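Chemist: One structure is given below, represented as structure tokens, and several questions about it will come after.
The values are calculated or read from the model by the stated rules, or taken from the named source; none is laboratory data. Being a predicted model, the structure only gives us computed values, none of them experimental. Cβ sites come from the backbone with ideal geometry, for glycine too, and all protein chains shown count toward neighbours. SASA here: full protein model, heavy atoms, side chains in, ligands and nucleic acids out. Shrake-Rupley method; radii C 1.70, N 1.55, O 1.52, S 1.80 Å.
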Amino acid sequence: MQRPARAVHADCVTARPDSGPATDAMARVLARTCVDAVQAVGGFAGGIYLRSGAEGPLLLAVVSGLPGRLFRPWWRMQVNRPYPVAEAYRSGQSVHLPDAEVSMRRFPQLAAGLPFPFGSLYEPVMAGPERFGVLFVLRPATPGASVDATDRERLRTAADGLAGELAALAGAGEQVSWTGDPLGVPPPDTAQGAREALERLTLAVLSVDREGRIRYVNRSAAALLGLGAPELRGRVLWQAVPWLGQPAYEDHFRGAFMSGEPVRFPARLGRQPDADWVAVELCPGADGVTVTIDAAEPPGYPPGSADRPASGPGSAADRASALYRPVSLAIALTEAVTARQVSAVVTQELLPAFGGRQLAIYLLNERHLHLAWETGFPQGFLDRFDGVALDVRLPGVETLTTGRPMFFESMEHLASAYPGIPLDAHVGARAFLPLIASGRPVGSCILGFDAPRGFSPEERTVLTALAGLIAQALERAQRYDSEAALARGLQAALLPHRLPVRESVETVGRYLPGTQGMDVGGDWYDVVETADGLLALVIGDVQGHGVAAAATMGQLRSAVRAFTLGGGSPEEVVAGTNRLLIGLDPGQFASCCYVLLDPVSGRARAVRAGHPQPLLRHADGRAEVLDLPGGVVLGIDAGATYPVTEMRLAPGAVLALYTDGLVEEAGVDIDLGVERLRAALAAARPSPLTETADLLIGSAGDSADRPDDIALLLASRTDGRGAAPKA
């Protein structure tokens, strides 16, 4: 059974040993900050998300002003999802959404799940580089008006104060991450006056606070519900009156608590099919919601889940949460461009919604199903099904060939329908969904559950619809993969396969594609030998990703080589390449850094066009960021000029040219990334240069969430025997 959010008071908090904070002190800090922040900016609700571990999701730790039960789908927040809480945490920047229109434009998944007129503010809780979580406040919408600077500062001050207290607790050795369910902080009971008048009404009236707890019940309501007022007061409404907590009604309550506008809906007075119909009205206010219940005629089209009790072992609240996922999943799938990203979205959005633990996706290729993604199954178990033909009698095959989803409420049912089929568990349930896009078979999807469960008609319909969305996303991803493969091949062909070998200069290049979006971008490097024995060191970055960026990169690399081999000076090479790019009119621009080096003397002339500043490591181990004056990026101004900087590369020194993907990180000043790279270069051994290149690019290569590609070019003066002098 689903547990409600635990209730605490801001001034009197006791931690629970089974979940939540490690100490009462932390609970009091969180509760006090939450309540104070809501009041400071005129909100009606708020809360605090805290990290659950080094790599885990954010968990809702405290909530005030909202019934936690109604918002269970948002208790857990993956940090890489497109939600304001996650963005504030990732970027370290405030997020302010004054109304529903702004929310829909910036965070459509949030607006899809909570389509109500409200404003919201999100503030990261940080102490220096340490990120603890996010403080948020919900308040009435202010259409057409931005968030007031005073309110921004007040929330920032509250978040800074919380960060300081959490840092102090962490310094004292206490746990400041979160596990378990959120704490509910109830507002004070301010119900006053008019109670005698309400007692005389024949209309049933209840008053609940913003946490959903009953504070007042008149005589008519107590009689209608068959319970005395003392038995009802202090209890959560949906626990005291279970028939009001059915999934069909939850969105009405969410709307009242979030929008502040009255809501009226029909409901059955009880769970029995022959129970009388009543009209329930919710009138929200700053301190709570007034609930009235009056007799009503049966509606023409009663809500299905209200007209019939839910069945199956899964809780009603869990199934209700699942029904909110289609729009959210559909929006998330539009942002996923690779099969891997589609599968990851399904894992993050679909499994939690239905309480699943296992997921497998098979894709069809030449009449065989091949395993593309799996999670939760025993290691190696699914290998035996990889590559099965479409004539094999397996549920994952037959769901695709027949086009019908298949649901098995227990493993016994699955074993009975397919005698002899290997099973990964003896207890559980399975759903097999056909992945068909526009009538074309794409593959099949398997959902696994740890315990037996029923599948209601609503769930079967939703899962079948979601399978169609997944199939369309996978089909789109396969087309994308084909284009990405073409772009990778094109770029591999255009990048230099080897660099010139000279006795007095060693050069090393590295390239890493991005791991998000189109993967392949327009970053490139090159080393060109001139007729008079000079070396041109070049690095550049074309805007965008994909085939177009790779093609433009190839044209620019060819142009730079042609101008260099034609004897052009550094400024002439860059200016000529700029005019060529404008003449080609590809709709793209590029940055570039060009260094013409004399290997014998070490004299160099450098030109920079909107590119990050190079780094120079001296022979004694000092590393610095060079300050080269530069011109605008290529492709903008045909008359642009590019100043030349004279410099010298001494024996044992290392010059590092790189693209911004190596130093950029979302929400972090690029100067910090450059400084990290400078420090790493200073700490690296001067030789061999290949190890230095691997060290500088290594941490970026380990990242699975890299939005941009990376190019790196190192050049070092040697002692003439192919080795740099020791520092």
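Chemist: Go through segment 518-548 and give me each residue that's open to solvent by 10 Å² or more (accessible area, probe 1.4 Å), part of a strand (DSSP E or B) and modelled with pLDDT of 85 or more.
Modeler: If the condition is that a residue be open to solvent by 10 Å² or more (accessible area, probe 1.4 Å), part of a strand (DSSP E or B) and modelled with pLDDT of 85 or more, then TYR525, GLU529, ASP541 are the ones that fit.
Chemist: Can you name every residue in segment 202-227 that is in a loop (DSSP other than H, G, I, E, B) and over 18 Å from LEU269 (Cβ atoms)?
Modeler: Those that are in a loop (DSSP other than H, G, I, E, B) and over 18 Å from LEU269 (Cβ atoms): ARG210, GLU211, GLY212.
Chemist: Name the one entry in ASP669, ASP708, ASP702, ASP660 that is under 30 Å from GLU123 (Cα atoms), crowded, with 20+ Cβ neighbours inside 10 Å and modelled with pLDDT under 90.
Modeler: One residue alone meets the criteria, ASP708.
Chemist: Just to be sure I understand, how many residues within segment 565-587 are closer than 18 Å to GLN543 by Cα and either among the aromatic types (Phe, Trp, Tyr) or in a loop (DSSP other than H, G, I, E, B) (or both)?
Modeler: 3
Chemist: Which numbered condition in (1) buried (at least 22 other Cβ atoms within 10 Å of the Cβ); (2) within 30 Å of GLU664 (Cβ to Cβ) is the only one that GLY119 fails?
Modeler: Against the list (1) buried (at least 22 other Cβ atoms within 10 Å of the Cβ); (2) within 30 Å of GLU664 (Cβ to Cβ), GLY119 comes up short only on (2).
Chemist: Of the numbered conditions (1) over 27 Å from GLY212 (Cβ atoms); (2) touching a strand residue (DSSP E or B) at 6+ places or on another chain (Cβ under 9 Å), GLY65 satisfies every one except a single condition; which is it?
Modeler: (1)
Chemist: Kindly evaluate PRO17 against the criterion of being modelled with pLDDT under 90, touching a helix residue (DSSP H, G or I) at 6+ places or on another chain (Cβ under 6 Å) and open to solvent by 10 Å² or more (accessible area, probe 1.4 Å).
Modeler: Taking the combined requirement at face value, the residue does not satisfy it.
Chemist: Checking ALA680 against (1) out of contact with any helix residue (DSSP H, G or I) (no Cβ under 7 Å at 6 or more places or on another chain); (2) farther than 28 Å from VAL560 by Cα; (3) open to solvent by less than 60 Å² (accessible area, probe 1.4 Å); (4) part of a helix (DSSP H, G or I): exactly one of these is not met. Which one?
Modeler: Condition not satisfied by ALA680: (1).
Chemist: Quick check, is ARG617 open to solvent by 20 Å² or more (accessible area, probe 1.4 Å) and of a type outside the set (A, V, I, L, M)?
Modeler: So ARG617 does not fit the description; no.
Chemist: Could you tell me which residue of segment 406-428 is surrounded by the most Cβ atoms within 10 Å (Cβ to Cβ), considering only residues that are among the hydrophobic types (A, V, I, L, M, F, W, C) and within 25 Å of LEU364 (Cβ to Cβ)?
Modeler: Checked segment 406-428; the qualifying residue surrounded by the most Cβ atoms within 10 Å (Cβ to Cβ) is PHE408.
Chemist: Can I ask one more? If you go through segment 253-277 one residue at a time, how many are assigned to a strand (DSSP E or B) and either open to solvent by less than 10 Å² (accessible area, probe 1.4 Å) or in contact with a helix residue (DSSP H, G or I) (Cβ under 7 Å, 6 or more places away or on another chain) (or both)?
Modeler: 4
Chemist: Given the residues GLY128, GLY113, GLY144, which is the only one that is open to solvent by 10 Å² or more (accessible area, probe 1.4 Å), of a type in the set (Gly, Ala, Ser) and touching a Pro at 6+ places or on another chain (Cβ under 9 Å)?
Modeler: The unique qualifying residue is GLY144.
Chemist: Going through segment 169-220 one residue at a time, which ones are at pLDDT below 85 and either under 16 Å from ARG235 (Cβ atoms) or of a type in the set (Phe, Trp, Tyr) (or both)?
Modeler: Of everything in segment 169-220, those that are at pLDDT below 85 and either under 16 Å from ARG235 (Cβ atoms) or of a type in the set (Phe, Trp, Tyr) (or both) turn out to be PRO186, ASP189, ALA191.
Chemist: I've got another one for you. Scan the strands (runs of 3 or more DSSP E) fully inside segment 341-452 and keep the ones with 3 or more residues being touching a His at 6+ places or on another chain (Cβ under 9 Å).
Modeler: By residue number, 358-365.
Chemist: Now a separate question. If you scan segment 366-375, which residues turn out to be surrounded by fewer than 16 Cβ atoms within 10 Å (Cβ to Cβ) and touching a strand residue (DSSP E or B) at 6+ places or on another chain (Cβ under 9 Å)?
Modeler: Matches in segment 366-375: ARG367, HIS368, HIS370.
Chemist: Which residues, counting only those in segment 570-586, are in contact with a helix residue (DSSP H, G or I) (Cβ under 6 Å, 6 or more places away or on another chain) and surrounded by 22 or more Cβ atoms within 10 Å (Cβ to Cβ)?
Modeler: Once the filter is applied, which keeps residues that are in contact with a helix residue (DSSP H, G or I) (Cβ under 6 Å, 6 or more places away or on another chain) and surrounded by 22 or more Cβ atoms within 10 Å (Cβ to Cβ), segment 570-586 yields VAL573, THR577.
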